[in-house]
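The structure appears right after this line, and notes come after that.
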Amino acid sequence: MKLKILIIIFFLAGIVACKKEITQVFAGFTKPDIFPTPVYHFETNPITEAGFVLGRKLFYDASLSANNTISCGFCHIQTSAFTQHGHSVSHGIFDSLGVRNTPPIMNLAWSPSFMWDGGIPNLDLQPIAPITNHIEMGNTMDNVLTTLRQSKEYPSLFQKAFGSSEINTARLLKALSQFMLMCVSDQSKYDSVMRGQAVFNTNENAGYALFKANCAVCHKEPLFTDYTFRNNGLTPNFINDMGRYDITLQETDKYKFKVPTLRNLQYTAPYMHDGRFLTLDAVLDFYDHEVQNNPNLDTALRKNGHIGISLSSSEKQQLVAFLQTLNDKVFIENKLLSEQ
Amino acid sequence: MKYTFLSLIVLVIFFTSCKKDITPEYNSSATGQLSVEFDNVVGNQDLQLNTGVYTNASGETFKLTLLKYFVSNFILTKTDGTTYIVPQDSCYFLIDESSPNTTIPKLRVPEGEYSKLSFVLGVDSLRNTVDISKRTGVLDPAGTAAGMYWSWNSGYIFFKMEGTSPVSTQNGNIFQYHIGLFGGYTAPTINNLKTITLDLTARGTAKIKATKSANIHLLVDIMKVFNGTTNISIAKNSVVMVSPFSATIANNYVNMFSHNHTEN
């Protein structure tokens with residue numbers, strides 16, 4: 001009798017464990033109800049399970065780099081919301097350091113441009129940059145294609161994803177896009193509140209009001225960026241990174257960078273394009289009293305002749321409480337997005 | 001008097017035969033092959049990669065180690081004024097001085113006599129923004145276009161010239177001119193796309209028949225990159241890529257093409 005009960009318990013445990021996995025099966029790309037329409041061109045790259053699985057394998061495959069050591073996932077780490085936690089600027093092949101902070105791979109279907117300076121207008125073109133950059137993966141696209149063609153597994157994965165085993169530039173890039181597009185973060189407390197399934201506490205509510213009054217013009221809800229390029233008053237860094245200017249060569253774009261999302265800040269420290277701030281407190285201190293009156297400083301940060309955003313210490317603490325509601329544990333623990 | 005009469009007859013015969021020559025029967029629904037030869041030279045010397053030594057208007061000596069450029073969007077005008085636009089899909093070529101068979105692109109065009117040629121130096125903005133699946137052949141960033149594509153500022157490099165000069169202060173005395181920029185995706189930036197139009201009348205029209213191909217022989221004088229509206233000094237500008245100065249170089253190189261002759 002005791003044995004029977006034990007067996008039943010075992011059995012139940014098994015079902016429960018199974019169920020947990022079942023909730024993380026591939027269900028295609030669906031637009032979260034509270035998000036706007038994505039801008040990615042799904043019509044030229046429809047997401048399929050086989051394409052996603054191939055893209056995920058490629059994303060975590062170090063054989064895309066010159067010396068088989070660096071994968072996309074090396075810098076874009078899921079538990080850090082696909083950023084490189086603890087590195088102010090990226091750390092790549094042969095231990096070389098990049099010049100910019102690794103941004104998250106998250107909600108990219110809504111992004112009209114990529115990189116801190118927006119130099120890449122299409123997600124499908126993005127991977128060419130890290131693969132061929134000598135301080136990131138140091139490889140050539142041609143080499144990558146040759147490696148994949150010679151591997152045992154890839155031809156059949158390309159067959160499943162695209163109908164034939166041919167491996168070419170477009171297929172490689174589209175598979176990577178399919179994986180990255182599936183990295184959707186929409187399960188934070190903020191999202192539950194917006195869906196009417198939860199409520200903010202008093203502190204969070206006060207923070208939300210402050211946020212809407214001071215930050216939301218640039219960090220626009222619900223994605224927490226309006227994807228524009230702005231100067232938020234940082235001093236130029238030691239390599240004199242001029243951001244958007246390097247792409248457009250327009251004086252008015254000097255030292256402007258893309259407004260970053262504020263989702264998952266708990267996992268993505270350090271902050272800003274060069275990772276100069278290690279904590280959110282440092283960011284809020286900056287907005288309060290370190291904003292520089294740069295020639296291209298955004299007008300939203302010089303309202304009524306005042307430079308920056310004055311915040312009392314209790315206001316800062318309320319803002320942090322609100323920003324914390326944007327963390328999405330489900331996203332960073334989603335097994336579907338992990339290396340298999 | 002007799003003589004005048006005779007010469008008149010001779011003249012008439014001459015003209016008649018000439019006329020026959022001028023208007024062969026063209027069947028505009030048939031096509032023939034037209035090649036355009038990009039013969040790269042430096043001033044009045046042949047271009048010899050790595051070995052030739054040249055001197056620009058700023059008095060600087062230099063050698064060239066690499067020369068590549070895209071030509072695209074060919075349009076041909078017949079003597080009757082009608083134009084033929086070569087279909088875009090078969091109309092992108094990468095001229096690479098180190099690979100002689102790339103310097104004479106071949107086009108299929110309807111039969112006819114052509115007196116004007118125009119093409120774009122670079123890759124037009126439409127191709128620069130098209131879906132990755134349409135970037136094949138010379139436009140494949142993993143293939144031929146590998147060194148002719150900026151991945152971090154997505155776009156093709158139209159014209160790439162590298163060499164050495166004792167006046168360059170770079171490591172190894174190198175200089176590098178990588179010129180691109182098609183005007184920007186969403187935000188405007190410099191547009192270095194150049195359309196080159198050449199009249200072929202003076203030095204020979206191209207007469208295309210299904211059975212007879214023609215070759216338009218162009219001279220491309222690389223010296224004009226340095227010597228032009230603004231003389232470019234390697235000492236002052238040894239590396240030019242994405243910068244406002246790229247427009248100065250593009251404004252010079254637009255003048256480097258001339259029609260030398262046509263082989264019919």
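The values are calculated or read from the model by the stated rules, or taken from the named source; none is laboratory data. Note that the structure is predicted; figures quoted are calculated from it, not measured. We place every Cβ from the backbone using ideal geometry, glycine too, and count neighbours over all the protein chains shown. When the accessible area is computed, the model is the full protein with side chains, heavy atoms only, and any ligands, DNA or RNA have been set aside. Shrake-Rupley method; radii C 1.70, N 1.55, O 1.52, S 1.80 Å.
So the values come out like this:
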| item | result |
| --- | --- |
| For a label point 7 Å along the Cα-to-beta-carbon line of residue A:149, residues of segment A:63-83 with backbone N under 17 Å | A:64 |
| Solvent-accessible area per residue for chain B (1.4 angstrom probe, square angstrom) | 47 Å² |
| Within the protein assembly as shown: Cβ-based charge dipole about Cα centre, in debye rounded to nearest 20 (Lys, Arg +1; Asp, Glu -1) | 880 debye |
| Net +/- balance of residues flanking residue B:68 in space, Cβ distance below 14 Å, scoring K and R +1, D and E -1 | -2 |
| Residue B:126 accessible area, assembled protein chains, probe 1.4 Å, Å² | 120 Å² |
| Net charge of neighbours whose Cβ lies under 15 Å from the Cβ of residue A:179, counting Lys and Arg as +1 and Asp and Glu as -1 | +2 |
| Largest-first principal axis extents, alpha carbons of segment A:42-184, Å | 42, 33, 27 |
| Alpha-carbon centroids, segment A:268-340 and segment B:100-145: separation in whole Å | 47 Å |
| Three-way shape label, the protein assembly as shown, alpha-carbon gyration tensor, a/c 1.5 | prolate |
| Segment B:36-73 and segment B:166-200: distance between their alpha carbon centers, rounded to Å | 15 Å |
| Accessible surface ranking that places the most exposed of B:69, B:26 first, with a 1.4 angstrom probe | B:26, B:69 |
| All Cα pairs of segment A:254-340, percent lying beyond 23 Å | 33 percent |
| Length-normalised contact order of chain B in % [C-alpha pairs under 8 Å, at least 6 apart] | 24 percent |
| Anchor residue A:174: aspartates and glutamates whose Cα lies under 14 Å away (excluding residues fewer than 8 positions away in-chain) | A:43, A:49, A:124, A:166, B:131 |
| Computed over chain A: relative contact order in percent, which uses C-alpha pairs under 8 Å that are six or more apart | 21 percent |
| Area accessible to solvent at residue A:33, 1.4 Å probe radius, in Å² | 110 Å² |
| Restraint check, A:57/B:106; A:220/A:254; B:134/B:207, Cα-Cα greater than 30 Å | A:57/B:106; B:134/B:207 |
| Shape category assigned to chain A from the gyration tensor of Cα positions, a/c cut at 1.5 | oblate |
| Cα Rg over Rh - segment B:35-139, Kirkwood | 1.05 |
| List B:152, A:116, A:110, ordered by accessible area with a 1.4 Å probe, largest first | B:152, A:116, A:110 |
| Globularity ratio of segment A:180-332, using Cα Rg and 2.2 N^0.38 Å | 1.07 |
| Proximal charge balance of residue A:313 [Cβ under 13 Å; K/R count +1, D/E count -1] | -3 |
| Area accessible to solvent at residue A:285, 1.4 Å probe radius, in Å² | 50 Å² |
| Cα-based shape type of segment A:163-258, given that a ≥ b ≥ c are square roots of the gyration tensor eigenvalues and the cut on a/c is 1.5 | oblate |
| Cross-link pairs A:152/B:160; A:189/A:335; B:68/B:116 - those with Cα-Cα distance over 31 Å | A:152/B:160 |
| Alpha-carbon spread of chain B, three principal axes, descending order, Å | 79, 46, 31 |
| Under the span-like rule (Cα at least 27 Å along the axis, Kyte-Doolittle mean at least -0.5), DSSP H helices of chain A | A:2-22 |
